[in-house]
Amino acid sequence: KQEVTQIPAALSVPEGENLVLNCSFTDSAIYNLQWFRQDPGKGLTSLLLIQSSQREQTSGRLNASLDKSSGRSTLYIAASQPGDSATYLCAVPTSGTYKYIFGTGTRLKVLA
Amino acid sequence: GAGVSQSPRYKVAKRGQDVALRCDPISGHVSLFWYQQALGQGPEFLTYFQNEAQLDKSGLPSDRFFAERPEGSVSTLKIQRTQQEDSAVYLCASSLAGGRGEQFFGPGTRLTVL
């Protein structure tokens with residue numbers, strides 16, 4: 001059974017810091033992993049999708065890495081800004097299905 | 001607009017009422033997912049459609065929950081005889097590919113059952 005854990009649960013940093021969010025999953029037989037952000041009261045916004053054959057993906061100040069063998073992914077945010085404040089969620093599929101399992105998220109607050 | 005839309009955005013129901021939640025996916029997207037999100041939690045999978053076929057409904061919590069996508073585009077999630085524990089945000093997502101592509105989410109419907 002796929003289980004997803006995100007650490008830390010909450011993070012508060014001053015503006016300009018580089019930071020790393022972690023996502024761990026128990027079943028490494030995944031075909032992709034997706035990172036999202038969610039603002040309060042809103043739906044999820046897709047940030048990055050990493051296919052199982054890839055080791056990392058980059059979009060602007062965001063970089064996501066994937067290590068399938070160890071069941072881990074990290075989301076690196078460079079030069080954080082107050083507008084980055086949100087909850088960040090990772091999601092992976094359960095092996096052999098289309099059922100995606102989400103972590104409980106990391107609540108990020110970037111202080112001006 | 002070009003994104004996923006959901007209606008209504010907010011729904012208040014009395015316990016025992018039936019409700020219907022609508023999802024309009026991005027045009028041309030083959031796959032459609034429904035999720036339930038409780039406060040402070042990540043979304044939980046409910047069901048998955050590929051075109052009009054419901055390929056996975058393993059996440060539906062009870063037989064009071066029913067989803068359909070009759071023409072392979074708009075989908076409706078119906079909850080019969082609502083209970084207080086059904087109160088949550090219901091999210092819809094679509095993807096272009098067959099269930100393994102990037103998912104794009106709608107804004108959700110917040111259901112409150114009194």
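Where a number appears in this text, it was derived from the coordinates with a stated rule and is not lab data. Just so you know, these numbers come straight off a predicted model, no measurement behind them. Cβ placement follows ideal geometry from the backbone for every residue including glycine, while neighbour counts extend to all protein chains displayed.
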Item to check | Residue among B:L77, B:S31, B:S94 farthest towards the positive dipole end of chain B, charges placed on Cβ | outcome: B:L77
Checklist outcome for this item: Expected unfolding gain across A:T58-A:A29 under the 0.36 nm per residue rule, minus the alpha-carbon gap, is 8.2 nm
Item to check | Zone residues, the stretch A:20-39, relative to A:Q51, backbone N less than 16 Å from point 7 Å out along Cα-to-Cβ | outcome: A:30-34
Item to check | Cα Rg, Dmax (largest Cα-Cα span) when computed across chain A, Å | outcome: 13.5, 44
Checklist entry - Can you run phi through the Karplus equation (6.51, -1.76, 1.60; θ = phi - 60°) for the stretch A:16-22 and list ³J(HN,Hα) in whole Hz, with x for Gly and Pro? => result x, 6, 8, 9, 10, 10, 10
Checklist entry - Put a dot 7 Å past each Cα toward the Cβ at B:A38 and A:D39; how far apart are the dots in nm? => result 2.8 nm
Item to check | Separation of the B:S7 and A:D67 label points, Cα + 7 Å toward Cβ, nm | outcome: 4.9 nm
Next on the checklist: Give the residue list of chymotrypsin sites (Phe, Trp or Tyr not before Pro) in the stretch A:14-102 that are DSSP loop and have at most 15 other beta-carbon atoms within 10 angstrom.
Outcome noted: A:Y31
Next on the checklist: Using a 10 angstrom Cβ neighbour count of at most 16 plus a DSSP loop assignment to flag exposed GluC sites (Glu not before Pro), which longest range of chain B is free of such sites?
Outcome noted: B:1-51
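Just to be sure I understand: if I project the alpha-carbon convex hull of the protein assembly as shown onto a plane and average over all orientations, what area do I get in nm²? Show your work: numbers first, answer last.
Numbers: hull surface 48.8 nm².
Reported value for the Cα convex hull: 12.2 nm².
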Next on the checklist: Please list, by residue number, every one of the trypsin sites (Lys or Arg not before Pro) in the stretch B:41-84 that is coil in DSSP and has at most 16 other beta-carbon atoms within 10 Å.
Outcome noted: B:K57, B:R64, B:R81
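Classify the stretch B:1-86: rounded, prolate or oblate, from the alpha-carbon gyration tensor (a ≥ b ≥ c, eigenvalue square roots; a/c under 1.5 rounded; otherwise prolate if a/b is larger than b/c)? Could the numbers behind the result be given before it?
Numbers: a/c = 1.62, a/b = 1.47, b/c = 1.10.
Cα axes put the stretch B:1-86 in the prolate bin.
What does the structure give for B:81-90 when I average, per residue, the other chain Cβ atoms found within 10 Å of the residue Cβ? Before the final figure, lay out the partial values.
Working: counts 0, 0, 0, 0, 0, 0, 0, 0, 3, 0.
Taking all residues of B:81-90 together, the mean is 0.
What does the charge count near A:L89 come to, summing +1 for each Lys or Arg and -1 for each Asp or Glu among other residues with Cβ under 11 Å from its Cβ? Walk me through the intermediate numbers first.
Values: positive: A:R37, A:R107; negative: none.
Overall, the nearby charge balance is +2.
Let me know the charge dipole size of chain B about its Cα centre in debye, to the nearest 20, where only the beta-carbon of Lys, Arg (+1) and Asp, Glu (-1) is charged.
Working: 12 positive and 11 negative charges, 80 e Å.
Using Cβ point charges on Lys, Arg, Asp and Glu, chain B gives about 380 debye.
Want the number for B:S58 to B:E71: 0.36 nm per residue separation, take away the alpha-carbon distance, what's left?
Value of the extension gain: 2.5 nm.
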Checklist entry - So which trypsin sites (Lys or Arg not before Pro) in the stretch A:61-106 are both in a DSSP loop and have at most 11 other Cβ atoms within 10 Å of their Cβ? => result none
Item to check | For chain A, built as a Gaussian network whose Cα springs stay under 10 Å, the top-fluctuating residue of A:S46, A:S80, A:S65 | outcome: A:S46
Checklist entry - How large, in Å, is the stretch B:36-114 by the Kirkwood hydrodynamic radius built from its alpha-carbon pairs? => result 13.4 Å
